[in-house]
1. Step by step: first the residues of the stretch 62-89, then only those that are among the polar types (S, T, N, Q), assigned to a loop (DSSP other than H, G, I, E, B) and surrounded by fewer than 20 Cβ atoms within 10 Å (Cβ to Cβ), then the one that is nearest to the chain's Cα centre (by Cα). Which residue is that?
2. Would you tally the residues in the stretch 218-253 being more than 24 Å from the chain's Cα centre (by Cα), touching a residue at least 60 places away in the same chain (Cβ under 8 Å) and closer than 22 Å to ASP273 by Cβ?
3. Being of a type in the set (S, T, N, Q) and touching a Ser or Thr at 6+ places or on another chain (Cβ under 7 Å) narrows it down to one residue among THR363, THR352; which is it?
4. Please verify whether ASP118 is out of contact with any Phe, Trp or Tyr (no Cβ under 8 Å at 6 or more places or on another chain), of a type in the set (Asp, Glu) and assigned to a helix (DSSP H, G or I), treating the condition exactly as stated.
5. Considering the stretch 407-451 alone, what residues qualify as being outside any helix (DSSP H, G or I), modelled with pLDDT under 80 and either in the same structural domain as LEU622 (by TED's automatic domain parsing) or surrounded by fewer than 16 Cβ atoms within 10 Å (Cβ to Cβ) (or both)?
6. Give the residues of the stretch 379-406 that are closer than 18 Å to LYS535 by Cβ and at pLDDT 80 or above, sorted by residue number.
7. For the stretch 90-114, how many residues are without any contact (Cβ under 8 Å) to a residue 40 or more places away in the chain, part of a helix (DSSP H, G or I) and either in the same structural domain as LEU496 (by TED's automatic domain parsing) or surrounded by fewer than 22 Cβ atoms within 10 Å (Cβ to Cβ) (or both)?
8. Can you tell me which residue in the stretch 36-61 is surrounded by the most Cβ atoms within 10 Å (Cβ to Cβ), limited to those that are among the charged types (D, E, K, R) and closer than 21 Å to LYS131 by Cα?
Amino acid sequence: MCGIAGFIDWTRKSSLEILQGCTDTLQHRGPDGGGYELLEESNCQVGLGHRRLSIIDLSSAASQPMWYKDLCIVFNGEIYNYAEIKETLIKKGHLFQTHSDTEVILHSYEEWGSSAMDRFIGMFAFAIFDKKKNKLFVCRDRAGVKPLFYYFKDGLFLFASELKAITKHPAFIKKINLDAAAAFMQFGYVPTPHCIFKGAHKLKAGHYLEVKLSDRFIHQQQYWNVYDAYNKPELKIDLPEAIEETEKLLVNAFQYRMVSDVPVGVFLSGGYDSTCVTALLQANNTEKIKTFTIGVPDAGLNEAPYAKDIAARLGTDHTEYYCTEKEALEIVPQLPFFYDEPFADSSAIPTTLVSRIAREKVTVALSADAGDEIFAGYNRYDYVLKYGKKIQSIPGFIRKSAAAAMTAIPATSIPVLSKRSLFPSRYEKVRSLLKNPSEENILMSLVSQMDDGGVRDLFKTTIHRLETAFDSKELSRERYSTLAYNMVIDYQTYMLDDILQKVDRAGMSVSLEGREPFLDHRIIEWAAQLPMEYKYNKGNKKFILKEIVHKYLPKEVMDRPKMGFGIPIADWMQGELKPFADRYFEESFIAKQNIFNNTEVQRLRNSFYNGKIERSEKIWYLLMFQMWYDKWMNGN
């Protein structure tokens with residue numbers, strides 16, 4: 001894991017010092033060394049920068065930027081099957097100077113061009129300058145495990161692993177994309193391919209860019225699409241065989257993630273996903289797997305006892321750490337630096353804490369994300385299946401009449417129910433669903449914090465809805481189901497822009513490489529074709545994954561309610577974090593900022609502090625935006 005940055009500057013106003021400055025903002029991603037290459041081409045400057053976290057081939061020979069003939073690369077990530085690809089290339093006459101996967105990428109690109117990506121099993125974001133063809137090739141892995149931002153304006157193309165490296169360039173213009181800010185207030189993240197700054201973008205997962213130096217033309221191409229897997233015919237396979245084949249694939253994918261020249265560990269929460277990773281790895285390795293978990297008992301976050309029991313049963317080398325609520329709260333002011341685009345998932349706090357503990361013993365940690373998206377694990381899938389069809393079955397005239405009545409009668413005037421903490425927000429969502437019970441609207445009501453009307457009220461100017469992966473219509477009619485629709489959208493939205501961003505930045509904040517074993521592309525390509533009842537079986541979520549885990553641990557040890565990394569936001573906002581809210585919601589700050597409708601901000605704030613604790617998430621989203629704004633727009 002590393003950090004990359006670079007540019008093509010047709011104005012020729014950049015310099016080696018600027019390249020170094022941009023790249024070195026990513027030192028936390030790569031503390032083991034830095035490399036910089038500034039090339040003066042006939043009509044532009046090309047800059048390539050790299051911060052190195054040494055994982056495979058620790059020698060200086062594997063440093064970057066790395067040249068091979070007329071190709072120069074900066075690379076962030078890992079190609080797990082590089083040894084097999086290397087053998088193929090050697091048979092074709094290629095000669096290698098290092099033992100690194102970086103060199104394998106260069107030779108693969110020379111041999112196969114852009115189709116080389118089809119051979120890679122891994123997580124990656126890289127840029128290759130092809131001096132002979134006079135172009136820059138920029139690529140991101142299939143699932144989007146590794147981040148990649150880019151910016152193009154006024155004869156300057158910038159790219160980097162994190163937004164802070166792009167904004168460091170003196171020619172970058174910091175102008176907030178208010179539509180992206182509005183999307184953040186809905187989802188708690190800015191959805192791909194959009195960015196909080198105008199002119200900046202996230203490269204989509206499974207895509208590459210080619211930038212021609214001669215005419216400044218940028219061509220974007222998709223090389224992998226998760227819908228291709230979902231749209232294939234369902235496999236005709238019985239359950240025992242499906243379990244056996246799934247386990248074989250998981251073992252292979254998980255073992256690949258152990259490839260490293262430095263110590264590797266696993267985040268173990270005690271849930272099915274992390275237990276699956278740990279159990280299969282421990283069963284197939286002679287050495288004890290290092291596992292890590294944390295607990296924050298006084299914040300109501302404590303899965304550590306479950307993880308400890310599972311670690312003991314599996315025989316891992318386990319480390320648990322109980323931190324205080326104070327330690328967790330101290331993370332909050334640091335979030336805007338590492339999450340340099342507004343980000344509101346509060347589980348970034350415990351994820352950062354467990355990364356710090358793991359980094360004391362390992363340089364690489366496996367995280368068990370994506371099990372929910374691939375094998376149907378989210379609780380909201382129950383709600384969609386149980387209540388979605390019921391609402392859709394109500395005759396249209398009855399739905400519309402009920403929605404009109406709810407519009408006329410505010411939630412606050414409903415006796416008894418209005419006093420319940422979550423009733424008003426649920427009241428609003430039910431009204432929205434009665435108006436429009438489409439599957440798209442049901443999904444949006446479950447994954448968004450604010451509806452479109454609430455967002456419009458919050459902002460001073462007119463807001464436009466961004467086009468995102470939520471709008472995709474690529475799931476074929478033949479393979480369409482409510483559950484498949486929700487899972488494939490989650491894979492491209494919540495998983496990509498929330499979960500993966502959270503884990504990447506949390507790990508990189510302490511120079512810890514995070515690996516995602518469930519995001520081997522072969523797993524989703526296989527699982528998408530399995531019969532849905534093998535994943536969601538009569539309300540039993542992640543059915544096939546659980547059947548595999550139960551081979552290694554008794555069912556009674558595993559069966560308990562899904563917990564996750566919950567943070568007591570309402571309590572914190574009314575206690576230790578209230579001074580932050582008082583500062584950033586102050587009327588003069590809002591007025592000077594000139595983004596939000598001050599009346600609506602104060603209404604939300606006052607209603608929360610007067611007892612409407614269901615507003616806590618909205619207040620948290622606002623606070624995270626304001627703290628980001630103060631850091632990156634005001635320079636505080």
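The values are calculated or read from the model by the stated rules, or taken from the named source; none is laboratory data. Please read all numbers here as calculations on a predicted model, not as lab measurements. Note that we place each Cβ from the backbone using ideal geometry, even for glycine, and neighbour counts take in every protein chain shown.
1. Among those that are among the polar types (S, T, N, Q), assigned to a loop (DSSP other than H, G, I, E, B) and surrounded by fewer than 20 Cβ atoms within 10 Å (Cβ to Cβ), it is ASN81.
2. Number of matching residues: 6.
3. None of the other options fit; the residue is THR352.
4. Answer is no for this residue.
5. ILE409, PRO410, ILE414, PRO415, VAL416, ARG420, SER421, LEU422, ASN436
6. If the condition is that a residue be closer than 18 Å to LYS535 by Cβ and at pLDDT 80 or above, then ASN379, ARG380, TYR381, ASP382, TYR383, VAL384, LEU385, LYS386 are the ones that fit.
7. So the answer is 6.
8. GLU37
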